[in-house]
1. Determine whether the stretch 56-64 contains at least one residue that is under 30 Å from K81 (Cα atoms), assigned to a loop (DSSP other than H, G, I, E, B) and hydroxyl-bearing (S, T, Y).
2. Of all residues in the stretch 1-44, count the ones that are more than 9 Å from the ligand (Cβ to nearest atom) and closer than 18 Å to L159 by Cα.
3. When you look at K36, is it outside the structural domain of A132 (by TED's automatic domain parsing), on the phi > 0 side of the Ramachandran plot and among the charged types (D, E, K, R), yes or no?
4. Considering only residues that are buried (at least 21 other Cβ atoms within 10 Å of the Cβ) and part of a loop (DSSP other than H, G, I, E, B), look in the stretch 193-220 and name the one that is nearest to the ligand (Cβ to nearest atom).
5. If you scan the stretch 61-77, which residues turn out to be farther than 12 Å from G111 by Cβ and in contact with a Lys or Arg (Cβ under 9 Å, 6 or more places away or on another chain)?
6. Identify, from the list L84, L127, L160, L73, the residue that is in contact (Cβ under 8 Å) with a residue 40 or more places away in the chain and over 11 Å from the mean Cα position of the chain (by Cα).
7. Quick one: which residue in R143, R105, R167 is of a type in the set (D, E, K, R), in contact with a His (Cβ under 9 Å, 6 or more places away or on another chain), not in a loop (DSSP other than H, G, I, E, B) and not assigned by TED's automatic domain parsing to the domain that holds G216?
Amino acid sequence: MEFTYYNPKSIQALVDTLSGLPNYALLAGGTDLIVKMKEKLLRPMPQAVVDIKGIDGLQEISDKDGYLWIGPLVSHTTLTKSALINEKAVILAEAAGQVGSPQIRNMGTVGGNICNASPAADTVPALLALDARVEIQGPDGLREMPLADVFTGPGRTCLLPGQFISRIKVRQIQPDEGTAFLKFGKRKALAIALINGAVWLKIADGIISGARIAVGSVAPTAIRLYQLEQWLIGKPAHAEVFAEAGVMAAQMVKPIDDVRCTASYRTCLARVIVYRGLVAALERVQVGCGCE
Ligand SMILES: Cc1cc2nc3c(=O)[nH]c(=O)nc-3n(C[C@H](O)[C@H](O)[C@H](O)COP(=O)(O)OP(=O)(O)OC[C@H]3O[C@@H](n4cnc5c(N)ncnc54)[C@H](O)[C@@H]3O)c2cc1C
């Protein structure tokens, strides 16, 4: 495995470095990239590896105008432990805490989890349920887009040569909102998801006024169940409604058989994860559910 190693120290230096490289890979924590390079799974193999770990400002988490701004180099361990994330976007801490093992969580980053574009990535459903947007930088400057539009297929994103994610922006949870993240794996730890999912609910006087539901490992990319979200709006926040929503979710997903489990088992799990996610999200609503 031969490649040239670059380690730019600023965002501008990264843009400049990438503009001269025809075939490169960005290196964050390396927990996906290095495995793929060692196993020669990349076609073509990168001739250059650009290490972004030393770039200032990509490791920060900040809080402004009802949003959290998260640098792509923030590790899963940091997300899990961050007081800001636990207070204002707790499902992201919970999802990050489900990634791999302590070693993987120490090295692996949220930006790498997104850009690896696995349909089973654990932070992605949580970010989708939090309505995340990403800032993309490149030779043509900066643009912002919904995270949901980043994924184009398994292992594929819309990022063009020279482009990279420079920030992730999520809405902070409000008292009349509740969230939940759930994952089913073959083991309780160090297991890639058979299915994972995240729910965000907004409740007013016991009625659902907003819903976002995202599931992973049941389609070529993690997906939002937009039709189901619309169906939920205006309905009572009640277990019977949630059970019906679970049945509808199972009809909406398009899983495949793979080494981890069958498509039909994943379809059953989609019903369970959406039902349980809605119940758990409702339990976290502090204001407006009629029980305060
Ligand atoms: C043993 C093991 C267990 C694992 N378990 C889980 C698990 O349970 N759940 C889970 O979700 N994942 C799991 N993973 C996958 C992996 O750890 C995560 O996806 C991790 O978040 C990747 O982050 P990284 O920083 O290591 O990415 P890297 O490997 O450095 O990069 C991954 C990809 O993203 C690109 N990239 C990185 N940062 C950027 C950026 N800012 N802009 C553009 N492109 C970028 C890289 O070029 C590369 O293509 C596991 C991996 C291993 C080896």
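The values are calculated or read from the model by the stated rules, or taken from the named source; none is laboratory data. The structure presented is a predicted model; accordingly, all values stated were derived computationally and were not measured. Here the Cβ is made from the backbone with ideal geometry for all residues, glycine too, and neighbour counts use every protein chain on show.
1. Taking the stretch 56-64 first, the residues under 30 Å from K81 (Cα atoms) are 56-64.
Then keep just the ones that are assigned to a loop (DSSP other than H, G, I, E, B); that gives 56-60.
Cutting the leftovers down to hydroxyl-bearing (S, T, Y) gives us none.
Looking for residues that are under 30 Å from K81 (Cα atoms), assigned to a loop (DSSP other than H, G, I, E, B) and hydroxyl-bearing (S, T, Y), one finds none in the stretch 56-64, hence no.
2. 14
3. Values: outside the structural domain of A132 (by TED's automatic domain parsing): yes; on the phi > 0 side of the Ramachandran plot: no; among the charged types (D, E, K, R): yes.
Against the criterion (outside the structural domain of A132 (by TED's automatic domain parsing), on the phi > 0 side of the Ramachandran plot and among the charged types (D, E, K, R)), K36 does not qualify.
4. First, pick out the residues of the stretch 193-220 that are buried (at least 21 other Cβ atoms within 10 Å of the Cβ): 193-201, 203, 208, 211-218.
With the extra rule that they be part of a loop (DSSP other than H, G, I, E, B), the set shrinks to 193-194, 217-218.
Numbers: A193: 7, L194: 11, S217: 10, V218: 15 Å.
The selected residue is A193.
5. Step one: of the stretch 61-77, the residues farther than 12 Å from G111 by Cβ are 61-69, 77.
The answer is D63, G66, Y67, L68, W69, T77.
6. Working: L84 fails: in contact (Cβ under 8 Å) with a residue 40 or more places away in the chain; L127 fails: over 11 Å from the mean Cα position of the chain (by Cα); L160 fails: in contact (Cβ under 8 Å) with a residue 40 or more places away in the chain.
None of the other options fit; the residue is L73.
7. Going through R143, R105, R167 in turn, just one is of a type in the set (D, E, K, R), in contact with a His (Cβ under 9 Å, 6 or more places away or on another chain), not in a loop (DSSP other than H, G, I, E, B) and not assigned by TED's automatic domain parsing to the domain that holds G216: R105.
Yes/no matrix, rows are residues, columns are (1) touching a Leu at 6+ places or on another chain (Cβ under 6 Å); (2) surrounded by 15 or more Cβ atoms within 10 Å (Cβ to Cβ):
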| position | (1), (2) |
| --- | --- |
| D56 | no, no |
| Q59 | yes, yes |
| D63 | yes, no |
| T77 | no, yes |
| A89 | yes, yes |
| Q98 | no, yes |
| P102 | no, no |
